[in-house]
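The structure appears right after this line, and notes come after that.
Rule-based calculations on the coordinates, nothing more; no lab input. In this text, all values refer to a predicted model and were calculated from it rather than measured experimentally. Every residue, glycine among them, receives a Cβ derived from its backbone with ideal geometry; neighbour counts consider all protein chains shown.
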Amino acid sequence: MHFRFRLTVLVSVAVIVVLPPATVARAAGFDISIASPTLSTFFHRNIAMRAEILTPKAYDTHPERRYPTLYVVHAFGPTFRPLLHQYEQWRAATDSRPTPFVIVFLDATYPSGHNEFVDSANDGPWGAALIDDFVPALEARERLISRPDARFVAGHSSGGWSALWLQLTYPNFFGGAWAIAPDPLDFHDFTGVDLVASPPENFFRDAGGNDRPFFRVDGRDTSTLERYVAQEGRHVGGQFDSFDAVFSPRGSDDKPRPLFDRKTGAIDPAVATYWEARYDLTAIVRRSWPALGPQLARKLNVFVGSQDTFHLESSVARFAAALHDLGSDARVSVLSGADHWSIFQAGLIARIVREASDAYERSRAVSRRASIHARSFASAP
């Protein structure tokens, strides 16, 4: 979800650009671009993946040291760079830890909106490219610890969905995921719509013919899904265009098949079924839990506001209920009164870094104990 950040993001980026060269130290962040053979093969042209890298203050003064990494996926919007005040919060959070992190702000911007780091029929295999191309190349180029217990992923909104998708799809690649106000996790409640209901529901109106609310401000709905979709239709690459590009099969015209008719709200059941089979995270954990569950212990963390601007708390609740039924130890926190953006006022950036750091230290402690035990066993008569 998006569109509140547009002006603010542009201003923040401008501030970063005009800083005097002496203040733009490496620890203040730098951009990186890495060629992706996976994406280049898919698109039949050279494709590079981008990110902004935030290194700890000690990175350049201790060249022998290697660091754990936190990959951050941004919300739907025009830039992958965080707002200036959030950037400072990430920097302060990592520099305050005994083991500081390298923070990697991944670029998920795409002409269709946001690639969500999904392996998509339309946008391409961005998930596979991240795992197979970008991360290994970055770990070889920078001083990053190349182990699953030293890699973590987080994100907000569309990026929050991405963080969970990546953790579920590649459970042994990351050591934990933190999702803030993620896009719909359960497609039985996709912004209030059951996509796979039988008979099919209408995207714009409920069974009683009432308009479906979409945008909420201070606890009061101020817009409807139909009105929002109509406003988005004035330009290419809006939020629902992005969902189609990420989740839908490719049509005979080589374009993403739309989930619903933009004028009537009629849902295409075949497209909805395709979405649910591949990208409904609740459905994924339910059908894969016997194998997936042990790999996700202490790894899933979700935060959402009780007054989320896009009503995302109800889809999170369904996801949380499914995890609870399966016996998961996932932590799902509903922050009272918070909306899609004010949720950050709860200190989530510092909390995510602290919890990722704690997870990494726990893993190191386990490894040390195992090493001591192995040496003791080897030296025993």
Taking 139-151, 96-108 and ranking on average Cβ neighbours within 10 Å, highest first, one gets 96-108, 139-151
Report the charge-dipole magnitude of the chain in Debye, nearest 20, computed about the Cα centre from +1 at each Lys and Arg Cβ and -1 at each Asp and Glu Cβ.
1320 debye
Using modelled amide H (1.01 Å from N, peptide plane; none on Pro or chain starts), what sits under 5 Å from the amide H of Ala35, excluding residues fewer than 5 places away?
Met49
Cut-off under 5 Å, modelled amide H: who pairs with Ser223 long-range:
Phe214, Phe215
Taking Cα atoms, how many degrees apart are the long axis of helix 269-279 and the longest axis of the chain, rounded to 10 and kept between 0 and 90?
10 degrees
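Apply 1/(1 + (r/R0)^6) to the Cβ-Cβ distance of His235 and Ser198, taking R0 = 35 Å, and write down the FRET efficiency to the nearest 0.05.
On the way: r = 34 Å, r/R0 = 0.97.
Computed FRET efficiency for His235 and Ser198 comes out at 0.55.
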Can you list the lysines whose alpha carbon sits under 19 Å from that of Lys263, skipping same-chain ones fewer than 8 residues off?
Lys255
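Where does the charge balance sit around Arg216 when Lys and Arg score +1, Asp and Glu -1, over other residues with C-beta under 9 Å from its C-beta? Could the numbers behind the result be given before it?
On the way: positive: Arg220; negative: Asp218, Asp221, Asp308, Asp339.
For residues surrounding Arg216, the net value is -3.
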With the 8 Å Cα cutoff and a minimum separation of six or more residues, region 202-279 has a relative contact order in percent of 24 percent
Distance in nm between Ala137 and Asp206 label points, each 7 Å along Cα→Cβ, equals 4.9 nm
What value, in deg cm²/dmol to 500, does the helix sum -39500 (n - 2.57) over DSSP H runs of n ≥ 4 give at 222 nm once divided by the residues of the chain?
-11000 deg cm²/dmol
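From Cα pairs below 8 angstrom and at least 6 apart in sequence, can you work out the relative contact order of the chain, rounded to a whole percent?
On the way: 698 pairs, mean separation 60.3, N = 381.
So the answer I get is 16 percent.
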Please sort 288-294, 298-304 by packing, taking for each peptide the average over its residues of neighbouring beta carbons within 10 angstrom, highest first.
298-304, 288-294
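What does the charge dipole of region 127-205 about its Cα centre add up to, to the nearest 20 debye, if the Cβ of each Lys and Arg holds +1 and the Cβ of each Asp and Glu holds -1?
Numbers: 5 positive and 10 negative charges, 59 e Å.
Once rounded to the nearest 20, the dipole reads 280 debye.
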Return the sequence-ordered ³J(HN,Hα) values of region 162-169 in whole Hz as given by the Karplus equation 6.51 cos²θ - 1.76 cosθ + 1.60 applied to θ = phi - 60°, using x for Gly and Pro.
4, 4, 5, 4, 5, 5, 6, 7
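Students often check this: by mean Cβ neighbours within 10 Å, which of 31-44, 172-185 ranks highest, and how do the rest follow? Walk me through the numbers on the way to the answer.
Working: 31-44: 15.4, 172-185: 25.4.
For the peptides 31-44, 172-185, the packing ranking is 172-185, 31-44.
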For the Cα atoms of the chain, what angle does the longest principal axis make with the long axis of helix 6-17, in degrees from 0 to 90, nearest 10?
30 degrees
Specify the angular offset, from 0 to 90 degrees and rounded to the nearest 10, of the alpha carbon long axis of helix 313-325 from the longest principal axis of the alpha carbons in the chain.
60 degrees
